[in-house]
């Protein structure tokens, strides 16, 4: 089944807001795009459209959290992270307030909106904030599990979601611990591929081309960038010779950097980082994935090139 993670968020938050009277939902004039408006349809008295004012939205969310509520604040990833980094750091993370920041339309697959809307640095700037958790689910089922998880904790969080529809990796019966890595393909080669978000689908799609070349990598879904599952990652590093990371994000500061840090601390290995190494262009999302070699074909090509070095 194909569904955007932003759409799964809308479905889950509209359910949770009816079950938990402490949950409130805020948006910055993008409720139709982020799907947060689904919560407003079922519980309008606890849904607030803050207008095109993300800094104010985060400040109000901090106040609501300090008053005992559980605010979910939504906007495009570029605007609810980059535009308001200071407010997130000082008003949410420093006092450790229970605010959930939901960034939709992340990465280059926001597409034709262009570079100004393509958040490829959001994981980096969010995971560097003390006490702020960072999640990047890959499909609708993992998204719903993440929303359920963060709604039950007392920690400030950033959840990274996408615009485009993505195929299911899991099904509705999957029991998640979203703070741990998921090995979704156990390979026979000493090659491991860590992927996050929709790059999990691209990595799985690369399997056929890699198998044809005699390469059968282990593929790992990394939903929780922070808290980092250091034990799980270290075990993968220890049992494989070649390590790749794949992300729809800058190779600086994101998943690749996180895996490098774990390797440096626990099991030194060379890490091949696949992702963005500069700004993208304006085009439809499938064209952009192909252009920057982040579709299945491109990921396979980059893994094979890395193994040849």
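Values quoted throughout were computed directly from the atomic coordinates according to the rules given, and no laboratory measurement underlies them. On a predicted model such as this, the values are computed, not experimentally measured, just so you know. Cβ atoms come from the backbone with ideal geometry, glycine included; neighbour counts cover every protein chain shown.
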message = Could you go through the range 217-230 and let me know if any residue there is over 27 Å from residue 288 (Cα atoms) and part of a strand (DSSP E or B).
response = yes
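Going through the range 89-100 one residue at a time, which ones are more than 20 Å from residue 146 (Cα to Cα) and either assigned to a helix (DSSP H, G or I) or under 14 Å from the mean Cα position of the chain (by Cα) (or both)?
Within the range 89-100, 89, 90, 91 meet the criteria.
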inquiry  = Based on this model, can you work out whether residue 293 counts as under 17 Å from residue 251 (Cα atoms), assigned to a loop (DSSP other than H, G, I, E, B) and over 22 Å from the mean Cα position of the chain (by Cα)?
reply    = no
request  = Determine if the range 80-87 includes at least one residue that is within 20 Å of residue 137 (Cβ to Cβ) and either buried (at least 20 other Cβ atoms within 10 Å of the Cβ) or over 19 Å from the mean Cα position of the chain (by Cα) (or both).
outcome  = yes
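Here's the yes/no breakdown for (1) more than 13 Å from the chain's Cα centre (by Cα); (2) surrounded by 15 or more Cβ atoms within 10 Å (Cβ to Cβ); (3) in contact (Cβ under 8 Å) with a residue 60 or more places away in the chain:
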{"residue": "117", "(1), (2), (3)": "yes, yes, no"}
{"residue": "132", "(1), (2), (3)": "yes, yes, yes"}
{"residue": "135", "(1), (2), (3)": "no, yes, yes"}
{"residue": "151", "(1), (2), (3)": "yes, yes, yes"}
{"residue": "177", "(1), (2), (3)": "yes, no, no"}
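Per-residue answers, yes or no, for (1) touching a helix residue (DSSP H, G or I) at 6+ places or on another chain (Cβ under 8 Å); (2) crowded, with 22+ Cβ neighbours inside 10 Å; (3) closer than 18 Å to residue 123 by Cα:
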{"position": "212", "(1), (2), (3)": "no, no, no"}
{"position": "215", "(1), (2), (3)": "yes, no, no"}
{"position": "218", "(1), (2), (3)": "yes, no, no"}
{"position": "225", "(1), (2), (3)": "yes, yes, yes"}
{"position": "228", "(1), (2), (3)": "yes, no, yes"}
{"position": "235", "(1), (2), (3)": "no, no, no"}
{"position": "240", "(1), (2), (3)": "no, no, no"}
{"position": "288", "(1), (2), (3)": "yes, yes, no"}
{"position": "305", "(1), (2), (3)": "no, no, no"}
Those residues of the range 234-275 which are more than 21 Å from residue 129 (Cβ to Cβ), touching a residue at least 24 places away in the same chain (Cβ under 8 Å) and part of a helix (DSSP H, G or I), in sequence order = 234, 236, 237, 238, 239, 263, 266
query = Which of the residues that make up the range 179-207 are farther than 16 Å from residue 307 by Cα, touching a residue at least 40 places away in the same chain (Cβ under 8 Å) and surrounded by fewer than 18 Cβ atoms within 10 Å (Cβ to Cβ)?
reply = 179, 180, 183, 205
ask   = So which residues in the range 1-12 are under 17 Å from residue 149 (Cα atoms) and under 17 Å from the mean Cα position of the chain (by Cα)?
value = 5, 6, 8, 9, 10, 12
key: Of residues in the range 1-26 being touching a helix residue (DSSP H, G or I) at 6+ places or on another chain (Cβ under 6 Å) and not in a helix (DSSP H, G or I), the one nearest to residue 200 (Cα to Cα)   = 3
key: Filtered residues of the range 267-284 (kept if surrounded by fewer than 20 Cβ atoms within 10 Å (Cβ to Cβ) and out of contact with any strand residue (DSSP E or B) (no Cβ under 6 Å at 6 or more places or on another chain))   = 267, 268, 270, 277, 278, 279, 281, 282, 283, 284
remark   = In the range 30-68, residues that are assigned to a loop (DSSP other than H, G, I, E, B) and touching a residue at least 40 places away in the same chain (Cβ under 8 Å) total 4
